[in-house]
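Bear in mind that the values in this text are calculations on the coordinates, not laboratory data. Since this is a predicted model, take the numbers as computed values, not measurements. Using ideal geometry, Cβ is built from the backbone for each residue, glycine included, and neighbour counts are taken over all protein chains shown.
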Amino acid sequence: MVCKCKRCGKEINHDGEYCVDCPCKGMQEIFQKYPDVKQAFKESIDEMKKPENMKKMVDDTVRFMTTVQGLQERARKEK
Ligand SMILES: [Zn+2]
């Protein structure tokens, strides 16, 4: 069975909802805006590189990104 990333639609070859590129790309954007977050996630990203942790980390990271982006959306609307 071929899985596709829920975010970008790219085929993924691991067991998960999202490809690895989406969280990596999204996190880079977040790190640029919030340098403090980068330090907090440094460890997580190292963990994420282990295949056994990939599904959980990718899913968690996308969830986190979605939360941050949701907050940004809301902040924009409140201005
Ligand atoms: Zn993707």
field: For Val2, net neighbour charge (Lys/Arg +1, Asp/Glu -1) across residues whose Cβ lies under 13 Å away
entry: 0
statement: Phi-derived 3J(HN,Hα) across the stretch 8-13 with the Karplus relation (6.51, -1.76, 1.60, θ = phi - 60°), rounded Hz, x for Gly and Pro, is 10, x, 6, 5, 10, 10
statement: Taking placed amide H atoms and a strict 5 Å upper bound, the residues 5 or more places from Cys3 or on another chain that come that close are Ile12
query: Using r as the Cβ-Cβ distance of Cys24 and Ala75, and R0 as 30 Å, what FRET efficiency do you calculate, to the nearest 0.05?
result: 0.80
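Could you list Arg76, Arg7 in order of exposure, starting from the residue whose Cβ has the fewest other Cβ atoms within 10 Å?
Placing the least packed residue first, the sequence is Arg76, Arg7.
Rounding to the nearest 20 debye, state how big the charge dipole of the chain is about its Cα centre with +1 on each Lys and Arg Cβ and -1 on each Asp and Glu Cβ. Mind showing how you got there, number by number?
Values: 17 positive and 14 negative charges, 76 e Å.
Roughly 360 debye for the chain.
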statement: Quick shape check on the chain: root eigenvalues a ≥ b ≥ c of the Cα gyration tensor, a/c under 1.5 is rounded, otherwise prolate if a/b tops b/c, else oblate, and it reads oblate
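Take Met27, Met54 and order them by how many other Cβ atoms sit within 10 Å, fewest up front. Intermediate results must be reported in sequence, preceding the final value.
Working: Met27 21, Met54 17.
Going from sparsest to densest Cβ surroundings: Met54, Met27.
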message: Can you tell me the length gained on complete extension of the stretch Asn13 to Gln39, counting 0.36 nm per residue apart and subtracting the Cα distance?
response: 6.5 nm
Surrounding net charge for Cys19, when Lys and Arg each add one and Asp and Glu each subtract one, Cβ distance under 10 Å: +2
